[in-house]
Amino acid sequence: MVSPPNPNQSGLSVKQSLEAGLTALKQRDYPKAIALLESVAETAAQPLSTRAQMGLVAAYKATGNLKGAIALCSSLAKHPNTQVKTWADRTLTELIDRRPPKPPENQGKIPEIPPETGLVAPLDRIIVGTEQPKIPLSVEKPSADQKTGFLAFEPTVGQIKAKSKDVLPPPPPPKPPTFKTSEPEKSTATTPDTEKRADSSTDIPPISADSYQLTWRQAGRAQNWRSLKPLKLAGFRLEAIACTIALFFVAQFIWQFLLTTANSVLLQLYIFTRLPFFAPIQLFYQDQTQFLQIVFVLLWAFSPWLTDLLLKLFCGIEPLKATVLLTHSKEASRVVRSFCASTTLGDRRASTTLSASFDYAQRPAPILKVLPIDVPVALSYGCLPRFARIVVSQGLLEQLTEDEIATIFARELGHIAHWDFAPMSLAILVIQIPYLIYSQVAHWEERISGLITIEFFRHVVNFLAAGISAFCYGIYKLLRWPMLWLSRRRAYFSDRAAAEITGNPNGLTRALAKIAIGIASNIEQQQQTSFFLESFDLLLPVGVAQAVTLGSAALHAPLEQILLWDVSNPDRNWLTVNSTHPLMGERLKLLALYAQFWKLETELDLANLGTQEPSKGKFLISHLFNSKFWADRKFWAGRKFWAGRKFWAGTGAPPLLLQGAPFFGVPMSLAVVGVLWLIGGMFSMTNIWWLDWLWGDRSIVWGCLPIGFSIGTLMRINYFFPDIKPGKLAEPSLPQILSNLPTIPLDAQPVRLSGQLLGRSGMANWLGQDLILQTATGLVKLHYVSRFGPIGSLWPFLIQETTRPSDLVGSCFPRGVVATGWLRRGATVAIDLESLRSQGGIVSNSGHPLWSAILAFATAFWGAYIIFQGGS
């Protein structure tokens, strides 16, 4: 046997011995590795000694010397370096789990061994190396069903498995997560990055996006737990009713606008042609309120069967057999049965419990169904609990563990118990009407245009289809808005219900995180956001917009790191106004607090983070009406008025006030109206006639509202879109973006990111509805506005605009694209594009600053016109 080098000779020999020992460890020559590393660990100084001890732990573990490995880990657990200590704690837990089992103890007791500080990449993988995960094959775009001719919302599992294996995934390849085991797979492969870190002798190797691997603590659940404080649902149900009424009035406004516009067009055609069939339809002039009320009642009453029909046509929904559910999760079956059978408080048979808010008579069992798709999702809908449905996907049953599936079922049961599923079912059907028109018109236009040989008629079809599709997508977005508040609020209640029913908040934490990761992985594989995910977003456990970024970044950095903004930013609550779901970090923090309440170890260390309270409305309003603030001469002094946040910070006003300046300008304009009315009243009392018309003139109210919006937009535009200088563009990774805590969308950072452009192809993406940049560290949403506005996006042949971003999507550009623009960090992460350039030199330019200025001046002229018309 060749004797190892003597580490006492010199510092260089010590380094060589360490390198030789680590190389032997990689080659599985454990006797040689142990001999070399033991000599280094005994004689070398820090940090070489620590790295040698970490290598020895891996060698002892591989050779079965658990006693020696545990002894070394116990020593390393006291190391001053946080990363080494975290690694030692995790490895020590794994080594102890390998010992023969001891008699069971109370699982509710907090373990004496310090838990891991999050989802930490095992450092023995950094030393030994990490095997590259297999690259999943990409999936073709969903195609129309052969029987119905409709465009499929989501390809089924069978369709995905039947795709050609010759199709390569877009670079960079997504890293598919492995969920079923809590221990990472053994691997001896190395990467160049790993070898580079192994050569470093200055510090313990850091965890990077290349070396990080997602692992779960598998924190325990409660066995006997106290009930949480009973919920007061009266206010929540009033909110649900208010949101439904708001949805009705928005739908009524849109419907009346459509009818009025249709009659106006017909009237102009009738005047021009004098043809009788162009005469306006008198029915359209009548009040449509009663008609819409009947439509809403019918949609609500038949919502279970209508939604079943939609999911059958587009996703192939099937009944979920009891045997299939038992195969994947016996606990989920017990949870459903116990929920339906319980009539008293404290019924905890089959490890379940029910909150006081659920205590009513025997419940009918909801109908269980399954979607044959790979993306992990779940939803519930119906008009009454008797006709309620709980739908899960095949991907959820396969990617989640038994206890995690049970928490998702319990969460959907919470929606049924709280009755929020009924108004959401009505809303999802209402918004499906314009969304179906948008998706199907875009799909059929491609088919019909291919059959038309005459270019003029092809342009006519293209012109009409583009207008209808884009208009319906706008209506879909508008109809969602009244239900966003209810969608966010009900997520908190259902999470709480799931935790109390199962006593497993840690299981729900893992389930929600895995759903987000699964949605992001599905988007990477399909290279687009499916129509199903977007149209049913309100009913899903995790919002698609959140999952795109968080789910992809979770494979490259600890969850606590990327969720810290969600629990720490003081302005976070204001920035979720346009979100369908609450911030993921806040939801998981509440679950961690439930776990602490039941004396459990938490899956994520979020319970004690984010102690700073979010901004309150009174704080912002106090600045709006602060006389010292508005009396400051600097505010009105020349260019300082437009100087942006640097000046704004000097006034003491919160940055969020500048962020929302266009919207806060609207109520501020009412103060101006009050002053003008006061002036008019004073002149009317003195019989000065040329200004007394200001008193009580309502046109001033309606005219000042858009003017206030215009002034607010102009106030923030310079800071919202800072100059992009090619030499000063940042290229941050997605974990770095998510870890930037104090930022809000106002803090626009000029960036340049490269990657593969994902999204829908064709007319369905002409407005940039689905543009996602797949970078090496995750997915980032892109926002696009043509320099020529909607005309440039929908009808580029009218202005000779040649390239849309959707033209750069797909395998036609395998080398990827470079996106330049303004990075915004809010409830979600997105880039407002300045330009999008392919590696071949094709460029698509965006015009966000231009159209912000056009919008500001247009609203100002509109307000002035209203005032002028009212006074004339």
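The values are calculated or read from the model by the stated rules, or taken from the named source; none is laboratory data. It should be emphasised that the depicted structure is a prediction, and the values quoted were computed from it without experimental measurement. Backbone-built Cβ (ideal geometry, glycine too); neighbour counts: all protein chains shown. Just the protein is used for accessible areas: all its heavy atoms, side chains included, with ligands, DNA and RNA removed. Shrake-Rupley method; radii C 1.70, N 1.55, O 1.52, S 1.80 Å.
Limited to segment 380-427, what total is found for residues that are more than 23 Å from K514 (Cβ to Cβ) and of a type in the set (K, R)?
Residues that pass the stated criteria total 1.
Only one of these is modelled with pLDDT under 95, under 30 Å from L306 (Cβ atoms) and surrounded by fewer than 24 Cβ atoms within 10 Å (Cβ to Cβ): A497, A545. Name it.
Criteria check complete, one pass: A545.
For segment 235-341, which fully contained helices (runs of 4 or more DSSP H) count at least 1 residues that are at pLDDT below 95 and either in contact with a strand residue (DSSP E or B) (Cβ under 7 Å, 6 or more places away or on another chain) or within 25 Å of I373 (Cβ to Cβ) (or both)?
Once the helices (runs of 4 or more DSSP H) in segment 235-341 are filtered for at least 1 residues that are at pLDDT below 95 and either in contact with a strand residue (DSSP E or B) (Cβ under 7 Å, 6 or more places away or on another chain) or within 25 Å of I373 (Cβ to Cβ) (or both), what remains is 303-315, 322-328, 330-341.
Go through segment 303-312 and count every residue that is crowded, with 16+ Cβ neighbours inside 10 Å and among the hydrophobic types (A, V, I, L, M, F, W, C).
Final tally of qualifying residues: 3.
Could you go through segment 687-701 and let me know if any residue there is assigned to a loop (DSSP other than H, G, I, E, B), polar (S, T, N, Q) and in contact (Cβ under 8 Å) with a residue 40 or more places away in the chain.
Within segment 687-701, not a single residue is assigned to a loop (DSSP other than H, G, I, E, B), polar (S, T, N, Q) and in contact (Cβ under 8 Å) with a residue 40 or more places away in the chain.
Inside segment 715-741, can you point out the residues that are surrounded by fewer than 18 Cβ atoms within 10 Å (Cβ to Cβ), in a loop (DSSP other than H, G, I, E, B) and modelled with pLDDT of 85 or more?
Those that are surrounded by fewer than 18 Cβ atoms within 10 Å (Cβ to Cβ), in a loop (DSSP other than H, G, I, E, B) and modelled with pLDDT of 85 or more: P722, D723, I724, K725, L729, E731, P732.
Just give me the residues in segment 530-542 being under 14 Å from the mean Cα position of the chain (by Cα) and open to solvent by 10 Å² or more (accessible area, probe 1.4 Å), in sequence order.
E534, D537 - these are the residues of segment 530-542 that are under 14 Å from the mean Cα position of the chain (by Cα) and open to solvent by 10 Å² or more (accessible area, probe 1.4 Å).
So the check is Cβ under 8 Å with 6+ separation or different chains; which pairs have a first residue in segment 530-544 that's on the phi < 0 side of the Ramachandran plot and a second one that's among the polar types (S, T, N, Q) and part of a helix (DSSP H, G or I)?
If the second residue must be among the polar types (S, T, N, Q) and part of a helix (DSSP H, G or I), the pairs left are S530/N522; F531/S439; L533/N522; S535/Q432; S535/S439; L538/S487.
Taking segment 41-72, which residues are among the basic types (K, R) and open to solvent by 30 Å² or more (accessible area, probe 1.4 Å)?
Passing the criteria: only K67.
Going through G680, G674, G708 one at a time, which residue ends up being at pLDDT 85 or above, of a type outside the set (A, V, I, L, M) and either in a strand (DSSP E or B) or open to solvent by less than 50 Å² (accessible area, probe 1.4 Å) (or both)?
Of the residues listed, the single one that is at pLDDT 85 or above, of a type outside the set (A, V, I, L, M) and either in a strand (DSSP E or B) or open to solvent by less than 50 Å² (accessible area, probe 1.4 Å) (or both) is G708.
Looking only at residues in segment 689-704 that are hydrophobic (A, V, I, L, M, F, W, C) and open to solvent by 40 Å² or more (accessible area, probe 1.4 Å), which one is modelled with the highest pLDDT?
Only one residue tops the list, namely W702.
Could you tell me how many of the residues in segment 750-785 are hydroxyl-bearing (S, T, Y) and not in a loop (DSSP other than H, G, I, E, B)?
Going through segment 750-785 one residue at a time, the tally reaches 2.
Run V370 past the list (1) β-branched (V, I, T); (2) modelled with pLDDT under 95; (3) surrounded by fewer than 23 Cβ atoms within 10 Å (Cβ to Cβ) and report the number of the one that doesn't hold.
(2)
From (1) at pLDDT below 90; (2) open to solvent by less than 20 Å² (accessible area, probe 1.4 Å); (3) not charged (D, E, K, R), pick out the condition that doesn't hold for F813.
Status for F813: all satisfied but (2).
Test of understanding: among S844, S852, which residue is in contact (Cβ under 8 Å) with a residue 60 or more places away in the chain and assigned to a strand (DSSP E or B)?
Checking each option against the conditions leaves just S844.
If we keep just the residues of segment 73-94 that are of a type in the set (S, T, N, Q) and open to solvent by less than 30 Å² (accessible area, probe 1.4 Å), which is modelled with the lowest pLDDT?
T86
Among the residues of segment 265-274, is there at least one that is more than 24 Å from R480 (Cβ to Cβ) and open to solvent by less than 60 Å² (accessible area, probe 1.4 Å)?
Yes, there is a match, as at least one residue in segment 265-274 is more than 24 Å from R480 (Cβ to Cβ) and open to solvent by less than 60 Å² (accessible area, probe 1.4 Å).
Only residues that are of a type in the set (S, T, N, Q) and either under 19 Å from G792 (Cα atoms) or modelled with pLDDT of 80 or more (or both): list them for segment 451-466, please.
N462
Among the numbered criteria (1) within 30 Å of Q769 (Cα to Cα); (2) at pLDDT 95 or above; (3) out of contact with any Asp or Glu (no Cβ under 8 Å at 6 or more places or on another chain); (4) not small (G, A, S), which single criterion is violated by F409?
(1)
Can you name every residue in segment 224-245 that is open to solvent by 40 Å² or more (accessible area, probe 1.4 Å) and either among the basic types (K, R) or touching a residue at least 12 places away in the same chain (Cβ under 8 Å) (or both)?
N224, R226, S227, K229, P230, L231, K232, R237, E239, I241
Determine which single condition Q527 fails, assuming it passes every other condition in (1) in contact with a Lys or Arg (Cβ under 7 Å, 6 or more places away or on another chain); (2) open to solvent by 10 Å² or more (accessible area, probe 1.4 Å); (3) of a type outside the set (A, V, I, L, M, F, W, C).
Just one mismatch for Q527, condition (1).
Exactly one of these conditions fails for E601: (1) under 24 Å from Q736 (Cβ atoms); (2) among the acidic types (D, E); (3) touching a Pro at 6+ places or on another chain (Cβ under 8 Å). Give me its number.
(1)
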